[in-house]
Amino acid sequence: MAEPRTPTRSEALELLYRYTETENLRNHARAVEAVMRHYAGSLNEDPEKWGIIGLVHDLDWEKFPQEHCHRTTAILREENWPEEWIRAIRSHAWQMFTEDKPEAPMEKVLYTIDELTGLITATALVRPSRSILDMKTKSVTKKWKEKSFAAGANREVIAAGAEMMGVPLNDVISETIAGMQTVAAEIGLAGES
């Protein structure tokens, strides 16, 4: 087995495009990447590493949903990715598909914001502007209370993740919005032009 190597963003993007054909899932991956980069910068961590992990976190979701994270593990090991990176990806599905509890800051952030980006995206799309650029935290907290709204976004996971991070939920929401705003046009949330 070859030594693990540090993958590049272009390699990660190539893998994303190879395994994910749906534009919504690609946009989700880009949103998570942007938020991971945003958090890494604010925590004095490596934005490139965090971003790449965010970009490929759902690599197997479209083609192998029943094997979520397990198929990604095999794919990334074949590509000689570092085990630390693979573990971070596995931990975002803790108690759903894996037993890898988020422990490192990077893992806790990924676990928390994965579902949250979906809720924020759904919130942006029902706003008159259809934009995340003018979105405030209260728009999301209002929708949070409507359990039937974006029902697929697991609010229990988001809340547990924020607690794990030791950060108030509203702060996590506002930081996630800020991260997503950096790629608003790329993920289709810059509003109607």
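Once the dipole of the chain is set up with Lys and Arg at +1 and Asp and Glu at -1 on Cβ about the Cα centre, which of 105, 148, 173 lies farthest towards its positive end?
148
Please compute the modelled spin-label separation between residue 101 and residue 67, points set 7 Å along Cα→Cβ, answer in nm with one decimal.
Output for this residue pair reads 2.9 nm.
Which order results if 46, 171 are arranged by neighbouring Cβ count within 10 Å, fewest first?
So the residues, fewest neighbours to most, are 171, 46.
I need the calculated FRET efficiency for the pair residue 42 and residue 5, taking r as the beta carbon distance and R₀ as 30 Å, to the nearest 0.05.
According to the calculation, E is roughly 0.65.
Over the range 9-181, calculate the relative contact order: mean separation of alpha carbon pairs under 8 Å at least 6 apart, over the residue count, as a percent.
22 percent
Name the helices (complete DSSP H segments) of the chain with a Cα length along the long axis of 24 Å or more and a Kyte-Doolittle mean of at least -0.5, or state none.
For the chain, where a helix must reach 24 Å along its axis and average at least -0.5, the hits are 105-125.
Full extension from residue 142 to residue 23: what is 0.36 nm times the residue separation minus their Cα-Cα distance, to one decimal in nm?
40.1 nm
Kirkwood hydrodynamic radius, the range 9-181, all distinct C-alpha pairs: what's the number in Å?
For the range 9-181, inverting the mean 1/r across all distinct Cα pairs yields 16.0 Å.
What order, most packed first, do the peptides 112-122, 50-60 have when packing is the mean number of other Cβ atoms within 10 Å of each residue?
50-60, 112-122
Every number in this text was worked out from the coordinates using simple rules, so none of it is lab data. Just so you know, these numbers come straight off a predicted model, no measurement behind them. Ideal geometry is used to build each Cβ from the backbone, glycine not excepted, and the neighbour counts take in all protein chains shown.
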